[in-house]
Amino acid sequence: MISLNINGAMRQIDLPGDTPLLWALRDGLGLTGAKYGCGIALCGACTVHVDGEPLLACVTPIADVVGKRIVTIEAIDQDPTGQKVQTAWLNLDVPQCGYCQPGQIMAATALLKHNQAPTDADIDKAMSRNICRCGTYPRIRAAIKQVATEVKS
Amino acid sequence: MNMPEMPTEIASATDENLSIINVSRRSFLKDMALTGFVLAAGFPSLLIAAESAQPKKYGADAMPHGWVDNPLVFVAIAEDGTVTIVCHRSEMGQGIRTSLPMVVADEMEANWLHVKVEQAPGDEVKYGNQDTDGSRSMRHYFMPMRRVGAAARQMLETAAAQHWQVPVSEVKAELHQVVHVKSGKTLSFGELAKAAAKLPVPDRDSLRLKQPAEFRYIGKGWLKIIDGQNIVSGKAQYGIDTRLPDMLYAVVARPPVLGGKVIKYDAKQALKVPGVVKVVELKSSPLPADFNPLGGVAVIARNTWAAIQGRKALNIDWDHGPHAVYDSDAYKAELEAAVRQPGKVVRNEGDVDAAFKTAQKQITAEYYAPHLAQAPMEPPAATARIVKGHCEVWTCTQAPQVSRERVAKWLKLPEDKVTVHVTLLGGGFGRKSKPDYVIEAALLSQAMHGQPVKVTWTREDDLHHAYFHTVSLERLEAGLDADGKPLTWLHRSAAPSIASTFGPDSKHQMPVELGMGVINVPFAIPNIRIENPEAEAHTRIGWFRSVSNIPRAFAVQSFVAELAAAAGRDHKDYLLDLLGADRKIDPGSLSDVWNHGESPQLYPVDTGRLRRVIDVVTRESGWGRALPAGRGLGLAAHYSFLTYVGVVVEVVVDEAGKLSIPRVDIAIDCGAQVNPERIRSQMEGACIMGVSLATLGEISFKNGAVQQDNFHAYQLTRMDDAPRDIRVHLLPSAEYDAPLGGVGEPAVPPIAPALCNAIFAATGQRIRQLPIKEQLRKD
Ligand code: FES
Ligand code: FES
């Protein structure tokens, strides 16, 4: 049994310690918001926050995150920045199929928590780990800027 | 939004012929194979006309199971006023779960705030055709959904009039209630629900459709997408997210080469992996591949990760079969040889050879475009369970009814013992029209005595076993007169055909494929010959968003720019000259008997509309403006899926040869716009997908197997390399009674040529082979 602090609650997981967090979340705990896209740290679909930093759950063994604060898309509305990001995403109708969007929102929230006025270059750097096959990048950029402008005013 | 008519055309041919020649679908397909399957696939209705003297059907009428416009099927009103509208097409990012119900809601005067959308299971007898591809959903269902809404509205109005005992002409539905105009009395939809449900459905002829000026939602584009909140909170359920009590998780090791099979395997190590429950062999099917599962060895486990680890531990000897010879480099050389010889003539006007003799200048170019994989972000996934002889499936599918039929066939169950629940799709792009993975789930559940099993495709599986976009070589030759105008045009197009996936390989393209930008170019050139040399298929050729239009638009629109350059003329002016005077062309006169399955009368090729998108996009993008060195504008325009798209791409190529795309302008004329907001998002997405395939997209084969394993090798455009500013220009049209064009696909094809033309303008370098990858690199 491994205990993990997920979205503010302690959860027991009966899986080997080398199981990637992604599959522990999805199959073990039924938190299917974090998505599988590549399994080898190439697409960002599985992005979660660990101690406030974005992390790719598909390559993070659960043994490595014991004692750390894990936040998934399911609880990102508890975070004021996360909530603003979700609102901007809805305002601009960012999603198409939506599959990559949990990962995009987790990445964007992490960016905006560290940097309230990201430049285009900052956005490129923070967001280019996340693939969107539907091509929502222009709206993702616009939504991030919308949050930044709101925070400023 | 993805698929052209190919397999559904086959299906429709077989379906409609069933009653005529009274044979099973399977044996009919076999007969067709012997007597000219490929011809039949593209000409189903012609064949039918010949055999049955029925008038030829078009559009939704010609699709398997046609259309349904019964309000009782699509609308339910609860006494609390909640209006539930059924969406029977699959949502994969095009916004159909918003747009189709929005049409119903508008016509019935429902308040969108009180509308719930319910997803239909696969059942075409009940709902009409559900194949979500070919950019057809709105095109085929706008009018039926309007009628559904209007009928529901009239039933509510009649119920209110009866309640008040006033003539129905005195009442009017208005935003979720019915008003008695004279007295101002109102009854809410909820209050009327019971009484309205008891009334007969009004005749189609008695329906009063709204005037466009009365629309609340149609054409406005201000409704938010219905699944938005679920998506941003991680609650949206995709095929890969299905969870059932006692569910097991499977991954499958499939034959690396098409037509391969297991010789023997050793599961000992796999079974030692903690969590692995069972290892099951799945039989390979004989070719043609059709939608059959590929076979292989499945590992069933308590979670996905254990299944993946178990699969790694399998030891399998494969018989790779005859396609192990497939090698993309060698195949390219084969295609080159093929297009340098005469091929089967598929369109011929004037005397091309004679005109070449009188031409002042002859220009020849060859364009190569490789295989592509659809690579939706959500890979294929399906879950099945069998309880008391009833198989239930949950899956992300573009083809719910076909999935149902195939599962029934494989499990030897009657169709009514199979239910296919349609989840959201994390992208489809044509991949999820093919239910091989759905059948796998059903077979694995069967192997586990009905216990629920979810089969998940890893990204490696998705790239190795896609139904690949074809590979192609397009050779173009033109003879120019003294003014640089083309006198004569010869196009040879060689590409393995989608038909090879479903029948014997004739090595020739079907009319469906030829009608995607090869034969139906509407240029005013007196001598035109189009040839289709042979090209053999060695993998499963399928359809990918916009299909054969991709290589054809790339070749034709690049070649026109090359001719303009050779003639020393502005590309835009030259292109407009080639289109000639505005005219509506009968596609049949271009030897296009397919015309996207639509009536040639309703949907002629309208060069005036093509000219207008070129005018608008060049004006809006500032065509002709002075640019510094290393910057360039490129133009392309393409007609596909009954829609006209013009694109101008602006590029910067720096001294090291690094490409960036500051801006893209897209003008689209798809007829009247039902949900302009989702049309814009489709244009943006198509643009980025077009850039992705043009700059990076390539699937290649060696020894019959795909060489790309994951996104490091099959790269997709990311944010830093995506066009920075995409401006969409919707050509206004309020003619909601005129036939609509498609939206999901038609903006993909012109992106690659516009981009390559811009690169030429910026650098003088002409790209004739996709993807661009490192071709511009100077270091
Ligand atoms: S699934 Fe983790 S980065 Fe792709
Ligand atoms: S919205 Fe579909 S992959 Fe990003």
field: Qualifying residue in region B:660-682 (condition: part of a loop (DSSP other than H, G, I, E, B), in contact (Cβ under 8 Å) with a residue 24 or more places away in the chain, open to solvent by 30 Å² or more (accessible area, probe 1.4 Å) and more than 9 Å from chain A (Cβ to nearest Cβ))
entry: no
message: I'd like to verify a number: residues in region B:225-243 that are in contact (Cβ under 8 Å) with a residue 60 or more places away in the chain and open to solvent by less than 30 Å² (accessible area, probe 1.4 Å), how many?
response: 8
query: Which of the residues belonging to region A:128-151 are free of Cβ contacts under 8 Å to residues at least 40 places away in the same chain and more than 10 Å from ligand 2 (Cβ to nearest atom)?
result: A:Ser128, A:Pro138, A:Arg141, A:Lys145, A:Ala148, A:Thr149
statement: Condition set surrounded by fewer than 17 Cβ atoms within 10 Å (Cβ to Cβ) and among the hydroxyl-bearing types (Ser, Thr, Tyr), scope region A:135-153, selection farthest from the other protein chains (Cβ to nearest Cβ): answer is A:Ser153
- prompt: Of all strands (runs of 3 or more DSSP E) completely enclosed by region B:342-442, which ones contain at least 3 residues that are within 16 Å of ligand 2 (Cβ to nearest atom) and under 30 Å from A:Cys132 (Cα atoms)?
  reply: none
- request: State yes or no: is A:Ile76 open to solvent by less than 10 Å² (accessible area, probe 1.4 Å), away from ligand 1 (no atom under 16 Å from the Cβ), in contact (Cβ under 8 Å) with a residue 12 or more places away in the chain and not aromatic (Phe, Trp, Tyr)?
  value: yes
- prompt: Any idea which of (1) under 16 Å from the mean Cα position of the chain (by Cα); (2) at the interface with another protein chain (Cβ under 7 Å from one of its Cβ atoms); (3) under 16 Å from B:Val232 (Cα atoms); (4) hydrophobic (A, V, I, L, M, F, W, C) is the one A:Val71 doesn't satisfy?
  reply: (2)
task: Considering only region A:96-122, state which residues are away from ligand 1 (no atom under 16 Å from the Cβ) and more than 15 Å from the chain's Cα centre (by Cα).
output: A:Gln96, A:Asn115, A:Gln116, A:Ala117, A:Pro118, A:Thr119, A:Asp120, A:Ala121, A:Asp122
query: Filtering region B:695-736 down to residues that are among the acidic types (Asp, Glu) and more than 10 Å from chain A (Cβ to nearest Cβ), which residue is farthest from A:Gly37 (Cα to Cα)?
result: B:Glu735
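Answer with yes or no whether A:Asp120 is more than 16 Å from ligand 2 (Cβ to nearest atom), open to solvent by 40 Å² or more (accessible area, probe 1.4 Å) and modelled with pLDDT of 95 or more.
Here the answer is yes, as A:Asp120 does meet what is asked.
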query: part of a helix (DSSP H, G or I), crowded, with 17+ Cβ neighbours inside 10 Å, away from ligand 2 (no atom under 16 Å from the Cβ) and at pLDDT 95 or above: does that describe A:Gly103?
result: no
query: Looking at (1) open to solvent by less than 10 Å² (accessible area, probe 1.4 Å); (2) outside any helix (DSSP H, G or I), can you tell me which one B:Val512 breaks?
result: (2)
message: Going residue by residue through region B:397-404, is there one that turns out to be more than 16 Å from ligand 1 (Cβ to nearest atom), more than 14 Å from chain A (Cβ to nearest Cβ) and over 30 Å from the mean Cα position of the chain (by Cα)?
response: no
- prompt: Only one residue in B:Asp582, B:Asp586 is within 26 Å of the chain's Cα centre (by Cα) and open to solvent by 30 Å² or more (accessible area, probe 1.4 Å), so which one is that?
  reply: B:Asp586
field: Residues that are within 20 Å of B:Gly622 (Cα to Cα) and under 31 Å from the mean Cα position of the chain (by Cα), drawn from region B:559-573
entry: B:Ala561, B:His571, B:Lys572
task: Please give the number of the condition B:Ser506 fails out of (1) open to solvent by less than 10 Å² (accessible area, probe 1.4 Å); (2) within 26 Å of B:Val706 (Cβ to Cβ); (3) away from ligand 1 (no atom under 16 Å from the Cβ).
output: (1)
Residue list for region A:123-134, restricted to those being away from ligand 1 (no atom under 16 Å from the Cβ) and open to solvent by less than 10 Å² (accessible area, probe 1.4 Å): A:Ile123
message: So in region B:252-297, with the set limited to residues that are aliphatic (A, V, I, L, M) and in contact with a Ser or Thr (Cβ under 6 Å, 6 or more places away or on another chain), which one is nearest to B:Pro452 (Cα to Cα)?
response: B:Ala289
query: Which one of these does A:Thr32 not meet: (1) out of contact with any Leu (no Cβ under 6 Å at 6 or more places or on another chain); (2) more than 16 Å from ligand 1 (Cβ to nearest atom)?
result: (2)
message: What pairs come out if I take residues in region B:709-737 that are in the same structural domain as B:Glu677 (by TED's automatic domain parsing) and pair them with residues that are of a type in the set (Asp, Glu) and assigned to a loop (DSSP other than H, G, I, E, B) whose C-beta lies under 8 Å away, six or more apart or interchain?
response: B:Tyr714/B:Glu698
Selection count, region B:709-745, where residues are open to solvent by 20 Å² or more (accessible area, probe 1.4 Å) and among the polar types (S, T, N, Q): 2
- request: Output the residue which, of all residues in region A:46-61 that are touching a residue at least 40 places away in the same chain (Cβ under 8 Å) and assigned to a loop (DSSP other than H, G, I, E, B), is nearest to ligand 2 (Cβ to nearest atom).
  value: A:Cys46
- line: Out of (1) within 30 Å of B:Pro676 (Cβ to Cβ); (2) part of a loop (DSSP other than H, G, I, E, B), the one B:Glu774 does not meet is (1)
- request: Kindly indicate whether B:Gly149 is open to solvent by 10 Å² or more (accessible area, probe 1.4 Å) and more than 14 Å from chain A (Cβ to nearest Cβ).
  value: no
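Conditions tested, residue by residue: (1) open to solvent by less than 10 Å² (accessible area, probe 1.4 Å); (2) touching a residue at least 24 places away in the same chain (Cβ under 8 Å); (3) assigned by TED's automatic domain parsing to the domain that holds A:Cys134; (4) in contact with a Lys or Arg (Cβ under 8 Å, 6 or more places away or on another chain).
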site	(1), (2), (3), (4)
A:Gly67	no, yes, no, no
A:Ile70	yes, yes, no, no
A:Pro80	no, no, yes, no
A:Lys84	no, yes, yes, no
A:Ala88	yes, yes, yes, no
A:Gln96	no, yes, yes, no
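The values are calculated or read from the model by the stated rules, or taken from the named source; none is laboratory data. What you see is a predicted model; the values in this text were computed from it and never measured. Neighbour counts are summed over all protein chains in view; Cβ atoms, including those assigned to glycine, are modelled from backbone coordinates with ideal geometry. Protein only, heavy atoms only, side chains kept; ligands, DNA and RNA dropped before computing areas. Shrake-Rupley method; radii C 1.70, N 1.55, O 1.52, S 1.80 Å.
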